[in-house]
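Engineer: Got a structure for you, written out below as structure tokens; questions coming shortly.
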Amino acid sequence: GNSVTQMEGPVTLSEEAFLTINCTYTATGYPSLFWYVQYPGEGLQLLLKATKADDKGSNKGFEATYRKETTSFHLEKGSVQVSDSAVYFCALKPNFGNEKLTFGTGTRLTIIP
Amino acid sequence: DGGITQSPKYLFRKEGQNVTLSCEQNLNHDAMYWYRQDPGQGLRLIYYSQIVNDFQKGDIAEGYSVSREKKESFPLTVTSAQKNPTAFYLCASSSGTAHDNYGYTFGSGTRLTVV
């Protein structure tokens, strides 16, 4: 079956530090890959996505590259801000049928001023 | 603007009561989903519906019920059979088609507390 494995948190960084949150997946074929962000007390928002191998998704300074050879979709940001403190979820969607999204367990990120 | 609305934002339930959480979308999405999130935990799927008048159990359906009488609406009832209902509930929707690469749109959630 499909699965997503995320780096366990919580992750605590100082402002302006470099961020990497690891995400690897198991799926048949070529799924679409997503990163969602959840700010405290809110629902999930789509942060970025990639739909095929070597695609790079980017938004708000965050980037992730779809690596088929390593089945990974690691989230990176060059200089984090306090406002980036949130929970980040990696997810995949198979590109056939009406398959539901499979989510990782989420990684809580805290940025210290 | 199109979106998905959950209400109420906070809900309190007495022991033995049923409560219904509302979820409405105006995105013309066919598929809708209910998730439960416990503190510090990930998402667990309760129920989902891919078309009007049809729905399926997710991973933790016991103690919950849903209906899908209209495309726009997917209410969740937390029954007295749910022994530990205190949690954050999230509703989501998607087009439900195989070639949709837009993922899900989520509501802002309802926090249910048993008092």
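The values are calculated or read from the model by the stated rules, or taken from the named source; none is laboratory data. Bear in mind that the values here come from a model prediction, so they are computed numbers and not experimental data. Glycine also receives a Cβ, built like all others from the backbone with ideal geometry; neighbour counts cover every protein chain displayed.
Engineer: With the stretch B:26-74 as the region, which strands (runs of 3 or more DSSP E) entirely inside it contain at least 3 residues that are within 17 Å of A:Gly43 (Cβ to Cβ)? Steps first, answer last, please.
Structural biologist: Values: elements: B:31-37, B:43-51, B:54-57, B:64-66.
Ranges flagged: B:31-37, B:43-51.
Engineer: Can you tell me which of (1) part of a strand (DSSP E or B); (2) among the polar types (S, T, N, Q); (3) out of contact with any Ser or Thr (no Cβ under 8 Å at 6 or more places or on another chain) is the one B:Asn84 doesn't meet?
Structural biologist: (1)
Engineer: Among the residues of the stretch B:54-63, are any surrounded by fewer than 22 Cβ atoms within 10 Å (Cβ to Cβ), at pLDDT below 95, over 12 Å from the mean Cα position of the chain (by Cα) and within 16 Å of B:Phe106 (Cβ to Cβ)?
Structural biologist: No: zero hits.
Engineer: Does any residue of the stretch B:61-68 turn out to be within 12 Å of another protein chain (Cβ to nearest Cβ) and in contact with an Asp or Glu (Cβ under 8 Å, 6 or more places away or on another chain)?
Structural biologist: no
Engineer: Here's a follow-up. Report, by residue number, each residue of the stretch A:73-100 that is of a type in the set (D, E, K, R), buried (at least 18 other Cβ atoms within 10 Å of the Cβ) and at pLDDT 95 or above.
Structural biologist: Correct list: A:Lys77, A:Asp84.
Engineer: Can you name the residue in the stretch A:100-113 that is within 11 Å of chain B (Cβ to nearest Cβ), assigned to a loop (DSSP other than H, G, I, E, B) and in contact (Cβ under 8 Å) with a residue 12 or more places away in the chain and, of all such residues, is nearest to A:Val37 (Cα to Cα)?
Structural biologist: Checked the stretch A:100-113; the qualifying residue nearest to A:Val37 (Cα to Cα) is A:Gly106.
Engineer: Which strands (runs of 3 or more DSSP E) does the stretch A:1-99 wholly contain that include 3 or more residues that are without any contact (Cβ under 8 Å) to a residue 24 or more places away in the chain and within 13 Å of another protein chain (Cβ to nearest Cβ)?
Structural biologist: A:44-50
Engineer: For the stretch B:22-39, does any single residue satisfy the condition of being in contact with a Gly (Cβ under 7 Å, 6 or more places away or on another chain), within 9 Å of another protein chain (Cβ to nearest Cβ), crowded, with 21+ Cβ neighbours inside 10 Å and closer than 30 Å to A:Gly9 by Cα?
Structural biologist: No - not one qualifying residue is present in the stretch B:22-39.
Engineer: A further question on this structure: (1) within 12 Å of chain A (Cβ to nearest Cβ); (2) surrounded by 15 or more Cβ atoms within 10 Å (Cβ to Cβ); (3) at pLDDT 95 or above: which one isn't true of B:Ser94, the others all being true?
Structural biologist: It is condition (3) that B:Ser94 fails.
Engineer: Still on this structure, please answer the following. Restricting to the stretch B:69-91, name every residue that is among the small types (Gly, Ala, Ser) and within 14 Å of another protein chain (Cβ to nearest Cβ).
Structural biologist: Quick first cut of the stretch B:69-91, residues among the small types (Gly, Ala, Ser) only: B:73, B:80-81, B:87.
The answer is B:Ala87, and nothing else.
Engineer: Still on this structure, please answer the following. Just to verify a result, which residue in the stretch B:81-91, among those that are crowded, with 16+ Cβ neighbours inside 10 Å and in contact (Cβ under 8 Å) with a residue 24 or more places away in the chain, is nearest to the chain's Cα centre (by Cα)? Step through it out loud before you land on a result.
Structural biologist: Step one: filter the stretch B:81-91 for residues crowded, with 16+ Cβ neighbours inside 10 Å, giving B:82, B:85, B:87-91.
Next, from what is left, pick out any that are in contact (Cβ under 8 Å) with a residue 24 or more places away in the chain: B:85, B:87-91.
Numbers: B:Pro85: 13, B:Ala87: 12, B:Phe88: 10, B:Tyr89: 6, B:Leu90: 5, B:Cys91: 4 Å.
If we take residues in the stretch B:81-91 being crowded, with 16+ Cβ neighbours inside 10 Å and in contact (Cβ under 8 Å) with a residue 24 or more places away in the chain, then B:Cys91 is nearest to the chain's Cα centre (by Cα).
Engineer: Something else now. Any residue in the stretch B:104-114 that is in a loop (DSSP other than H, G, I, E, B), among the β-branched types (Val, Ile, Thr) and loosely packed, with under 15 Cβ neighbours inside 10 Å?
Structural biologist: So far as the stretch B:104-114 goes, no, none of its residues is in a loop (DSSP other than H, G, I, E, B), among the β-branched types (Val, Ile, Thr) and loosely packed, with under 15 Cβ neighbours inside 10 Å.
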